[in-house]
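Asker: Below is one structure. I have some questions about it.
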C-alpha cells in the first residue's frame, strides 16, 4: 500500500510511460511513441520503481519484460487511463484532416485485399496524416491486445464474443469462383466440374479446412485442394497462370484487377460470409478511434451484399 507521501509523487506522465512500456516492451519505441528522449523514459521508470519498490520491467535481450507485480498492477492502471481518456474525449473535437494519430488494426492476411485498398484510399482524402498499421490477428490474445492498446480494432469473421469486446457487422459476402479466361471451365462450371477442378486454397494455417471448405462440408460436400497459400493476391496470380480455380469472397474478387481473370457464381448455395469489426468498450470515448470505426462501418455497409 502506498503511503500518502509516495502517492503525491505520482503524476500522469509516469503512468503514460508505464502504459507505453507495457505495450511496446522496448525503451526506444516508447521514446518514439511519446516523443521524448530514451533518457527521459529511463528517468520516469526509475521514479516509478522508487515509488513502488519493484523493478516493474526487467531487460531480456532487446525487450523489457514485466515482473509479476507489474502484471498485477497493469490492468488497473490501463483501465484508469482508459477512463481518463474517455472522460476527456467527451470534450475533445476530433479533426481528421489534422490528426496524426496511429491506429493498429489486426486482421488475417487473407482479408487485407478486401479491406485496405478501400480504407486507405478514403483516408488519403479525409485523414491524410493518420497512420494505419495492419497486423496479423492472434485470436487467443485478442482481448488482451485490445485491453492494453496493442490493438485498436480487429477485423475477423463473425463469431461469438462477449463484453468488454463490442462488435458490428462490417460486410456480408457471397462466395465467387475466380479462374483464368483461358480455363476450359469458363461458362461451363457446375457442381460436378467444380469438385473435379484443381483448387487453390487461401489460409493462414498450414493445414485444416478453410472457411469455405467448412461451409461446403456442412452441405455434405468434400472439396479436395492440393495447393494452399496465405493471401488472395498470390492465389489470383497462380490462377491467372494455371487451370486452378479459387473460391473467395465476392468483395475480394472485385478487388482483383487482372484482365486474364473472370469470376463466376459459386455453384453451391453457401451462407453469406460475415466479416465483423471488433473493439474494446473502454475505448468508446476516444473520438479519433470512434471516427475511424464509424468510417469503416459506413464504407463497407455502402457496398451491401457482395455477390
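The values are calculated or read from the model by the stated rules, or taken from the named source; none is laboratory data. What you see is a predicted model, and the numbers here were worked out from it, not measured in a lab. Heads up, the Cβs are rebuilt from the backbone with ideal geometry, glycines too, and the neighbour counts pull from every protein chain shown.
Asker: Take the residues in the stretch 200-247 that are in contact (Cβ under 8 Å) with a residue 40 or more places away in the chain, in contact with a helix residue (DSSP H, G or I) (Cβ under 6 Å, 6 or more places away or on another chain) and in a strand (DSSP E or B), then tell me which one is surrounded by the most Cβ atoms within 10 Å (Cβ to Cβ).
Answerer: Among them, the one singled out is 247.
Asker: Select from the stretch 47-64 the residues that are loosely packed, with under 13 Cβ neighbours inside 10 Å and closer than 30 Å to residue 100 by Cα and list them in ascending order.
Answerer: 62, 63
Asker: Please give the number of the condition residue 259 fails out of (1) over 23 Å from the mean Cα position of the chain (by Cα); (2) not in a loop (DSSP other than H, G, I, E, B).
Answerer: Condition (2) is where residue 259 drops out.
Asker: When you scan the stretch 251-271, do you find a residue that is at pLDDT below 90, surrounded by fewer than 19 Cβ atoms within 10 Å (Cβ to Cβ) and either touching a strand residue (DSSP E or B) at 6+ places or on another chain (Cβ under 7 Å) or closer than 19 Å to residue 109 by Cα (or both), even just one?
Answerer: yes
Asker: Further, regarding this structure: Hey, could you check the stretch 15-39 for residues that are in a helix (DSSP H, G or I) and without any contact (Cβ under 8 Å) to a residue 12 or more places away in the chain and say which is surrounded by the most Cβ atoms within 10 Å (Cβ to Cβ)?
Answerer: Step by step, filter the stretch 15-39, then rank; the result is 31.
Asker: Output yes when any residue across the stretch 141-161 is out of contact with any strand residue (DSSP E or B) (no Cβ under 9 Å at 6 or more places or on another chain), in contact (Cβ under 8 Å) with a residue 60 or more places away in the chain and surrounded by 15 or more Cβ atoms within 10 Å (Cβ to Cβ), and no when none is.
Answerer: Yes, because at least one residue in the stretch 141-161 is out of contact with any strand residue (DSSP E or B) (no Cβ under 9 Å at 6 or more places or on another chain), in contact (Cβ under 8 Å) with a residue 60 or more places away in the chain and surrounded by 15 or more Cβ atoms within 10 Å (Cβ to Cβ).
Asker: Further question on the same structure: For a quick check of your reading: which helices (runs of 4 or more DSSP H) sit entirely within the stretch 67-161 and have at least 3 residues that are at pLDDT 85 or above and over 30 Å from residue 52 (Cα atoms)?
Answerer: The qualifying helices (runs of 4 or more DSSP H) are 112-126.
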